[in-house]
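Novice: Before anything else, here's the structure in question.
The values are calculated or read from the model by the stated rules, or taken from the named source; none is laboratory data. Please read all numbers here as calculations on a predicted model, not as lab measurements. We place every Cβ from the backbone using ideal geometry, glycine too, and count neighbours over all the protein chains shown. Calculation scope for accessible area: heavy atoms of the full protein, side chains included, ligands and nucleic acids excluded. Shrake-Rupley method; radii C 1.70, N 1.55, O 1.52, S 1.80 Å.
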Amino acid sequence: MSSFQFCYCLIVYLEISCESGKYMKASEHRLEHGRSDYDFGGESQLPPPPDLSQEDERKLWRKIDLRLMPILCVIYLMSFMDRGNIGNAKLQGLETQLKLTGNRYNIALTMYFIPYCIFECPANLVLKKFRPSIWLPGITVVWGTVMTLMGLVKTYPQLVGVRVCLGIAEAGLFPGVAYYLSLWYPRNALQSRIGLFFGAATIAGAFSGLFAFSISFMSGTRGLLGWSWIFIIEGIITVAVGLIFFLILVDFPVTANFLTPEERAFVVWKKKFDNSSVGEEERFMVEHVYQAFTDWQVWIHLLIYISLVGPLYGITFFLPTIISDFGEFSTAISQLLTVPPYIFATIVLGLFAYYSDKVMMRSPFILAAQIMCLIGFSINIANVSTGAKYFGTFLIVAGSYAGFPGIVAWLGNNLCGQYKRGVGMALHIGIGNFSGAIASNIFRTQDKPRFILGHAIELMFVGIGLICLPITVIIYSRINKKRAYLMSRVVDGLERKPSPEELRELGDRAPDFQYIL
């Protein structure tokens, strides 16, 4: 992260704090059990949170799911199709018509990731200022327009330029939605929602293959090859979805008109006291930015993140090429053979997300995903039969996609304070996605058909995660034990009990905060 990006983040945060000041009151008000908290966004106007039965609470979360999740899943499906369909377009004449010789294809992939990673942090920071209901649909329409124009490029430099614009436009979506969901759902419900949202990416992988196969029959229409129609049609669909997005998306629980005032009060209360016995810090302070940049969690989670996001982007961009280079299938059949691994990955992702929330643990499922990738890449780097390698792609796709939501949810669960979590998740996702830029350059044309270098570097990514994951669990476990011991001394009167204000300011460093493993 350059000094320019850091300064820019600070400036945007200061702007957000000024805007938020319009809605914050200097006085405190009382919540349940006599706890005090700062009014934010009009929370003091809500009635006291009701006591809901388990069944009533489940109905409330289902009501929220039905309003939020379908459109978020559809829009992320389009996002992942739009960034990854270049792999399918490559087999439909893109490489030949634009003369993508040597490493030109890899460079085009890389130029998407550089602005994508740089702009993720600033994009996440302005989300509250522009409101999710405006910001997220707005960037969707922009990148859909860019995708449509990509189908009209005639030269390699034009392709690179449009890929850069696509990276800028899409930068705010995933970190923005991950942060947005963390403001709605408590910790024990977050991964299943991120998993459902990210499941759209695995469906996109399957749908891209079917879509590319169907559009291949349009090649030559109006003088355009199949690859142009892939970009144009998907871009138009994305713009249409973005316009619908404007009409459906709501902002935050406190302003959600589809909920009753009592339901809004419950959601706000549930989330506020999910991380801490005294509520979550919601005021802006420059210190929150510093805390996010210096928190050990962000940086070690970053290494775990790249262990799966590198393989994820590598397999997304090159699976059609890898299968095609098995040497036994036509282009059309290669496109269709990319579908089953993504269907399998969608099933595994759903199982991981459900049971991870059920047992309130993230690390075992991330570890299982890393092991799947380890086995899959080991098979593909070996000199084995085509059937064995195809089986290996199932493990790679399933492992990289199914483990990804758990990594995002894990850090989101263990960062307390809205602004600290927003900055921390943006850094985590933004910097971690640079591994996608690396993955864009490791499957080289000269390494066909086994791609030994590419598979070896992906194995390196997985190895980094396999080392960092147990270290993280050990550190979390030791901190949790120390905090439990300290709180027992507080209960016994041997240590001073921190005030609610102190606990709020400490956030995830507070003695009553327990990390999720």
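Novice: How high is the FRET efficiency between Thr96 and Leu453 when r is their beta carbon distance and R₀ equals 30 Å, given to the nearest 0.05?
Specialist: Taking R0 as 30 Å, the efficiency between Thr96 and Leu453 is 0.80.
Novice: I'd like the distance between the alpha-carbon centres of the range 303-337 and the range 413-472, rounded to an integer number of Å.
Specialist: Here the two parts' Cα centres lie 16 Å apart.
Novice: I need the peptides 341-349, 409-417 ranked by packing, meaning the mean over residues of other C-beta atoms within 10 angstrom, with the highest value on top.
Specialist: Answer by packing, highest mean first, reads 409-417, 341-349.
Novice: Additional query: For the chain, give the percent of accessible area contributed by carbon and sulfur heavy atoms, probe 1.4 Å, rounded to a whole number. List each step's numbers first, then the result.
Specialist: Details: 13040 of 19520 Å².
Whole-percent figure for carbon plus sulfur exposure: 67.
Novice: With just the Cα atoms of the chain, tell me how far they stretch along each of the three principal axes, in Å, largest first.
Specialist: 73, 48, 44
Novice: Could you state the accessible area per residue of the chain in Å², with a 1.4 Å probe and every protein chain left in place?
Specialist: Per residue, the chain has an accessible area of 38 Å².
Novice: In whole angstrom, how far apart do the alpha carbon centroids of the range 339-382 and the range 63-118 sit?
Specialist: 22
Novice: With every protein chain kept in the model, how would you rank Ser330, Ser307 by accessible area, 1.4 Å probe, largest at the top?
Specialist: Correct descending sequence by accessible area is Ser330, Ser307.
Novice: Taking the Cα centre of each part, how many Å lie between the range 178-202 and the range 224-261?
Specialist: 18
Novice: Sort 385-392, 157-164 for me by packing, meaning the mean count of neighbouring Cβ atoms within 10 Å per residue, highest on top.
Specialist: Top to bottom by mean Cβ count within 10 Å: 157-164, 385-392.
Novice: I want the local charge near Gln97. Using Cβ-Cβ distances under 13 Å, sum +1 for each Lys or Arg and -1 for each Asp or Glu among the other residues.
Specialist: Working: positive: Lys90, Lys99, Arg104, Lys154; negative: Glu95.
Local charge sum for Gln97: +3.
Novice: Now a separate question. Going through the cross-link list Lys271/Lys420; Lys272/Lys497; Lys59/Lys270; Lys389/Lys448, which pairs have a Cα-Cα distance over 19 Å in this structure?
Specialist: Lys272/Lys497
Novice: Shape verdict for the range 289-357, please, from the Cα gyration tensor: rounded (a/c under 1.5), prolate (a/b greater than b/c) or oblate.
Specialist: Taking the square roots of the gyration eigenvalues as a ≥ b ≥ c, the range 289-357 is oblate.
Novice: Sticking with this one: Is the C-alpha gyration tensor of the range 467-517 telling us rounded, prolate or oblate? Criteria: a/c under 1.5 is rounded; beyond that, a/b larger than b/c is prolate, otherwise oblate.
Specialist: oblate
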